[in-house]
Amino acid sequence: MRHATDADHVIAVTTIISRYRKISHAALIGAFWGVGHTLTILVVGSGIILFGWVIPVRIGLSMEFSVGLMLILLGALNLTGILQWITDSVTPAHGIEGTSHSHPHSHGDYIHTHPHRHEPDAHPHSPEKNPLSWFDRHFGQLGSYQVVRPLVVGLVHGLAGSAAVALLVLTTIRNPKWAIVYLLVFGVGTIAGMILITGAMVLPFACADKRFARLNQGLRVASGLISVAFGLFLVYEVGFVNGLFTGHPQWTPH
């Protein structure tokens, strides 16, 4: 559960749950992240414990480098949606003064902003035309799109941390069977920890919804900026400080 609170883990899931307003939805996102994280910990960690896999320095650094790239991507996806909101907010509305304006509103669990008028048939699109409804129509029966993003994020995080966890086990537990059990318990702990963390982190977004819709958008901007900034920091640290792109790479699993 302590491992689930690492900065890169928390930042990544925050960028994902910033679009959700229900604790149950956020908890599911955390659970899917934990499952993905546990899968790679089990696969790679078991290989190191059972078969003596040795991860080369550059591959180890590349796994940590992928976390930085992923954080940049997650943050950029959040900010891309916000840029449209900013554009709509600062663009003067056309039409009769006082009848056309712009403010955030929601369709189900999705919040967005566009100019509109409070007149019959004046809404520029039907509720079924928002992005989440489009996904529901095309992928709702499979349900896979709802779990893929946090699952992939968890897989990447688990890949980056699997070597450190396996080495920790090897220094304390010599019996391979119990070492694998350790990895399973560790995985259960990260799933439980992330469920609790995501459930708690969604509260500011839920409280800022509707009544403080602009604050909700601000929180999403902040989560995106923090994700991009931390991702750039990791890319620089792994790529240049630790030497992934130099002739003398140095890697200590952590």
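Miscellaneous remarks
- When K177, K22 are compared by accessible area at a 1.4 angstrom probe, the order from most to least is K177, K22.
- Accessible surface of the range 1-43, 1.4 Å probe: 73 percent of it comes from carbon and sulfur atoms.
- C-alpha center-to-center spacing [the range 235-254, the range 4-23] in angstrom: 27 Å
- The range 147-254, accessible area per residue, ligands and nucleic acids excluded (1.4 Å, Å²): 53 Å²
- Rounded to the nearest whole Hz, the Karplus-based 3J(HN,Hα) values (6.51 cos²θ - 1.76 cosθ + 1.60, θ = phi - 60°) of the range 231-243 follow the sequence x, 4, 4, 5, 4, 5, 5, 6, x, 10, 5, 7, x, with x at glycine and proline.
- Extending 7 Å from the Cα toward the beta-carbon at both T246 and V54 defines two label points whose distance is 2.4 nm.
- Carbon and sulfur %, accessible surface of the range 155-254 computed with the full protein complex present, 1.4 Å: 73 percent
The values are calculated or read from the model by the stated rules, or taken from the named source; none is laboratory data. Small disclaimer: the values here were computed from a predicted structure and weren't measured. With ideal geometry, Cβ positions are generated from the backbone for all residues, glycine too; neighbour counts draw on all protein chains shown. With ligands, DNA and RNA removed, areas are computed over all heavy atoms of the protein, side chains included. Shrake-Rupley method; radii C 1.70, N 1.55, O 1.52, S 1.80 Å.
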